[in-house]
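Beneath this line is the structure, given in structure tokens, with notes to follow.
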Amino acid sequence: MGRLEEIKQRSSKIPFGRIVVNIRDYHWLLDQAREKCMTFTKYQQLASRTAKKHDEELINYGLGLSAEAGEVADLIKKFRFHGHKIYEDDIKKELGDVLWYASQVARVAGIDLGDVAESNIAKLKKRYPHGFSSEDSIKRVDVKDDD
Ligand SMILES: [Mg+2]
């Protein structure tokens, strides 16, 4: 029997589908959830395993990022103008390629992909405090005059 099953058996059940667990089991369950959670930082580390290390990585991965973004655009173009079907799996695969190259550009630049994600959300919150609007897009309050 696995630990999860042991915890389920040890735990006392209470109404509304809740269970009560001891603190050690709680931390173990939390660790299990963290292990399954894919963060941007963790993704970047895992993706880097398959990156070819050389002197021109930034150029290699910058061009690759652009090419993969083009593959996403091509799927959409063929769907809209050529009568192709568009499949979720194909979009997911190409967006994954975009993410891989973006993660490697960030790595070569010494930037944690998690920081990229957090910074982008912070910028968007500042630019669009109430969600997207054309007015806020034109104002771009997060951009300094010299940018
Ligand atoms: Mg691709």
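The values are calculated or read from the model by the stated rules, or taken from the named source; none is laboratory data. Values in this document were obtained by computation on a predicted structure and should not be read as measured data. Using ideal geometry, Cβ is built from the backbone for each residue, glycine included, and neighbour counts are taken over all protein chains shown.
In segment 78-95, the residue that is nearest to the chain's Cα centre (by Cα) out of those that are assigned to a helix (DSSP H, G or I) and surrounded by fewer than 13 Cβ atoms within 10 Å (Cβ to Cβ) is Lys92. Pairs are defined by a Cβ separation below 6 Å, a sequence spacing of at least 6 or placement on different chains, a first member in segment 73-97 that is in contact (Cβ under 8 Å) with a residue 24 or more places away in the chain, and a second member that is within 15 Å of the ligand (Cβ to nearest atom); the pairs so defined are Glu94/Glu71; Glu94/Val72; Asp97/Glu68. Among the conditions (1) surrounded by 11 or more Cβ atoms within 10 Å (Cβ to Cβ); (2) free of Cβ contacts under 8 Å to residues at least 40 places away in the same chain; (3) within 21 Å of the chain's Cα centre (by Cα), Asn120 misses just one, which is (1).
For segment 45-77, give me each residue that is in a helix (DSSP H, G or I), among the aliphatic types (A, V, I, L, M) and closer than 20 Å to Lys93 by Cα. Listed by number, the residues that qualify are Leu46, Ala47, Leu63, Leu65, Ala67, Ala69, Val72, Ala73, Leu75, Ile76.
Pairs are defined by a Cβ separation below 8 Å, a sequence spacing of at least 6 or placement on different chains, a first member in segment 26-39 that is surrounded by 10 or more Cβ atoms within 10 Å (Cβ to Cβ), and a second member that is in a loop (DSSP other than H, G, I, E, B) and of a type in the set (A, V, I, L, M); the pairs so defined are Leu29/Val21. Going by what's in this entry, would Asp25 be described as within 21 Å of the chain's Cα centre (by Cα) and assigned to a helix (DSSP H, G or I)? So Asp25 fails the test.
Matching residues to (1) closer than 28 Å to Gly114 by Cβ; (2) outside the structural domain of Ser119 (by TED's automatic domain parsing); (3) at pLDDT 95 or above; (4) not polar (S, T, N, Q):
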{"site": "Phe16", "(1), (2), (3), (4)": "no, yes, no, yes"}
{"site": "Val21", "(1), (2), (3), (4)": "no, yes, no, yes"}
{"site": "Asp31", "(1), (2), (3), (4)": "yes, yes, no, yes"}
{"site": "Ser48", "(1), (2), (3), (4)": "yes, no, yes, no"}
{"site": "Asp55", "(1), (2), (3), (4)": "yes, no, yes, yes"}
{"site": "Val72", "(1), (2), (3), (4)": "yes, no, yes, yes"}
{"site": "Gly83", "(1), (2), (3), (4)": "no, no, yes, yes"}
{"site": "Asp97", "(1), (2), (3), (4)": "yes, no, yes, yes"}
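Screening Asp31 on (1) more than 25 Å from the chain's Cα centre (by Cα); (2) among the acidic types (Asp, Glu); (3) assigned to a helix (DSSP H, G or I) shows it passes everything except condition (1).
Could you tell me which of the residues Val141, Val116, Val108 is in contact with a Pro (Cβ under 9 Å, 6 or more places away or on another chain) and away from the ligand (no atom under 16 Å from the Cβ)? Walk me through it before giving the result.
Values: Val116 fails: in contact with a Pro (Cβ under 9 Å, 6 or more places away or on another chain); Val108 fails: in contact with a Pro (Cβ under 9 Å, 6 or more places away or on another chain).
That would be Val141, the only listed residue that is in contact with a Pro (Cβ under 9 Å, 6 or more places away or on another chain) and away from the ligand (no atom under 16 Å from the Cβ).
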